[in-house]
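What follows is a set of notes on a single structure, which appears directly below.
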Amino acid sequence: MAQIKIKRTSGSTTPTGLTFGELAYVQGTKSIYIGQTGGDPALRIGAEVDSSTSLGTSNDKIPTQGAVKSYIDNNIAGGAVTSVDGVTGAVDISAGTGIGVAVAGKVITITNTGVQSLAGTSNQISVSGSTGAITLSLPSTVTVPGDLNVTTNLTVTGNLTVNGSTTTVNTDTITVDDPIITLGLSGGVPIAVSDGGKSRGIALSYFDGSAGQTAFFGMPDQSNASLFAYYSKANITGETISAGSTFGILQANGIYLQRDANSSSVGRHVISSQSTSVSGGGRQTIFADHGGYVVTPSTLGTLGYILKANGATAQPTWIDANAAGFTAYAAGRLETARTIGLTGDVSGSASFDGTANINISATIAANSVALGTDTTGDYVASVAVSGIGLSVAGSGENATYTVTSGATSNNVVSQIVARDSSGNFSAGTITASLTGNASTASTLQTARSIGLTGDVSGSASFDGSADINITATIAANSVALGTDTTGNYVATLSTSSTGLSIANSGAESAAVTVNFATITTGLNMGTFSFASGEFTNSSGTVSLGVVDGGSY
């Protein structure tokens, strides 16, 4: 009896490429598919029949009527409840976070095991309502018991009071609208209690190139409230400037010294580095060069007098610089500017009053520098020539010397030779011994043989008088197909199909023969289709064994 096998696979994927009406079996899902027309995917027409009453979650099995009825009878009992919140059929009620479920017979009890009530905390959280809608809010006055970390912008509409020992602000820019900042406030302005005489001011942290330092400006000592100081290196202990602090340098255009503490316009004294108008009968002291100290003379100076220091502890005094016996050790300006001039071989002049350096524009007099006497280095006094072919023209001071060559490419007696634009020159007889090789030649002195060896052989004689051609011969078995050739070629022929045979393949210069063999068994070539009259059997018997659709 003949066997017919359809296409099959042990996998689980839907078959593709089925022709119209072609069947295929998928072992993994125990299903049968049939091919459709129009490029539609294969249609599933059969699957495994499942009679289990547990009804699992498989998408590849078909339950029987008995299995479906048993599942409904066992899992959906009769009663008054037909749906739960619109969900019909079997409904699973499970406990969750804060929810408990208890079942007694057909009674289901759901209890709240989580939050039972909400209560607020004074000055922190307010709670209104105990059932239904519950509102959580902040009271008008909020107390934060722990740390408060604000990760976004914070805007305080009212006043901000910070009660603590340290306030740290880590920001790149601080903007304060208040034009007056009060430091050291304790209980009001002015303060009413003592705070141990702490200093009042601002400390500045900086790096001086080698180490970190702290500067300070302000009131270092409350007992001496009239002193305002600046320290470039301040020692601060217990918020008080301590001993060992170093005063800094104050740089300003001028300092106003107030004679009357209760008036801003009477008796002011100005110490300045430049001329400054002083109102109200004040006086002015100008220092062109300061040495790090500011001094105040005891009396008003007289026109033309200068200030003389009288030691570290005494006040300076005004003295007449023109008095007999007076020696001026230093002056910022000469009373009368002087002309400093140059004469002799160099002339020039400039006015000098001592207030700044000067430069004199110098001019060297004509014919004042003697070469060799007043100069160093080599120089050319005159030019002369010797030998044939050269001549010189020019002499004297400021002369232009011209050296002329008589070289020519012509054949001239007793003259040096110059090649023309083509590199040639004319001469009579040249007597010399020649060495080296000629630049060009018509033939080689000795003819040479040029030959070919290896896979190609041949040779020819060459002396340079004419071109040559070498007759080349390729050696036997010297060209390897695929290695020494390009393009496709057939090395051997073989067959993997039943019914074909190959003879003489694989030998050099062989005649390869392809024949149809006699088919007896084992023909497996898929589906054969025969139209009416195309398949005939004139004699004998045709036997069909197994018709196998193959696998995919």
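Just so it is clear, none of the values below were taken in a lab; they were calculated from the coordinates. As the structure is a computational prediction, the values presented were derived from the model and not from experiment. Ideal geometry is used to build each Cβ from the backbone, glycine not excepted, and the neighbour counts take in all protein chains shown.
Residue ranges 395-407, 341-353 sort as 341-353, 395-407 when ordered by packing (mean number of other C-beta atoms within 10 Å per residue, highest first).
Annotation for THR19 and GLN222: the two label points, set 7 Å from Cα along the Cα-Cβ direction, are 11.1 nm apart. Each peptide in 24-34, 168-178, 380-390 was scored by the mean count of other Cβ atoms within 10 Å over its residues; highest first, the order is 24-34, 380-390, 168-178.
Which lysines, if any, have their Cα less than 28 Å from the Cα of LYS69, not counting same-chain residues under 8 positions apart? Partners within reach: LYS30, LYS61, LYS106. Taking packing as the residue-averaged number of other Cβ atoms within 10 angstrom, the listed peptides 159-166, 482-489 run from highest to lowest as 482-489, 159-166.
Counting 0.36 nm for each residue step from SER351 to ALA381 and taking away their Cα separation leaves a gain of 6.7 nm. Extension gain for LEU444 to LEU118 (0.36 nm times residue separation, less C-alpha to C-alpha distance): 105.3 nm.
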